[in-house]
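For reference, the structure discussed in these notes is given below.
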Amino acid sequence: DLLAPGGAVLSADERTDDAFNTSPDSIDRIFYGYSVLGCLPNGRIGDTSVATGTVIRAETVARYGREAGFSQVTVLPTDHGQFRFYRLDP
């Protein structure tokens, strides 16, 4: 309801691997630490929380977008080592 006609939502989240990865070189190891100790407990405060935490994969963002009523969720082609950007279209 907050979007202007023709508008879209821009969202950013940590750039995690497409699947769980325990490689010592994977940045996911740091993100999981943040998630378990900070983001997940804080995210569980609300009654309607889905308790996702920090490590959100692109497929999860797309599913959340569809469940929220967006017709299309696009991973934007950005070259950023820490963040992934999404465009959500109504």
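The values are calculated or read from the model by the stated rules, or taken from the named source; none is laboratory data. These numbers come from a predicted model, not from an experiment. In this analysis, Cβ positions are derived from the backbone assuming ideal geometry, glycine residues included, and neighbour counts consider all displayed protein chains. Calculation scope for accessible area: heavy atoms of the full protein, side chains included, ligands and nucleic acids excluded. Shrake-Rupley method; radii C 1.70, N 1.55, O 1.52, S 1.80 Å.
Taking each DSSP H run with n ≥ 4 as -39500 (n - 2.57) and averaging over every residue of the chain yields -6000 deg cm²/dmol at 222 nm.
In the chain, the portion of solvent-accessible area held by carbon and sulfur atoms comes to 54 percent [1.4 Å probe, whole percent, DNA, RNA and ligands not counted]. Rounded to the nearest 20 debye, the dipole magnitude of the chain is 80 debye, with +1 charges on Lys and Arg beta carbons, -1 on Asp and Glu beta carbons, and the Cα centre as origin.
Here region 15-35 is scanned for amide nitrogen atoms under 19 Å from the site 7 Å beyond the Cα of Asp79 along Cα-to-Cβ, giving 15-16. Amide H contacts under 5 Å for Thr54: Ser35, Leu40, restricted to partners 5 or more places along the chain or on a different chain, H placed in the peptide plane at 1.01 Å from N.
With everything on Cα atoms, drop me the angle between helix 58-67 and the longest principal axis of the chain, reported from 0 to 90° to the nearest 10. It is inclined by approximately 40 degrees.
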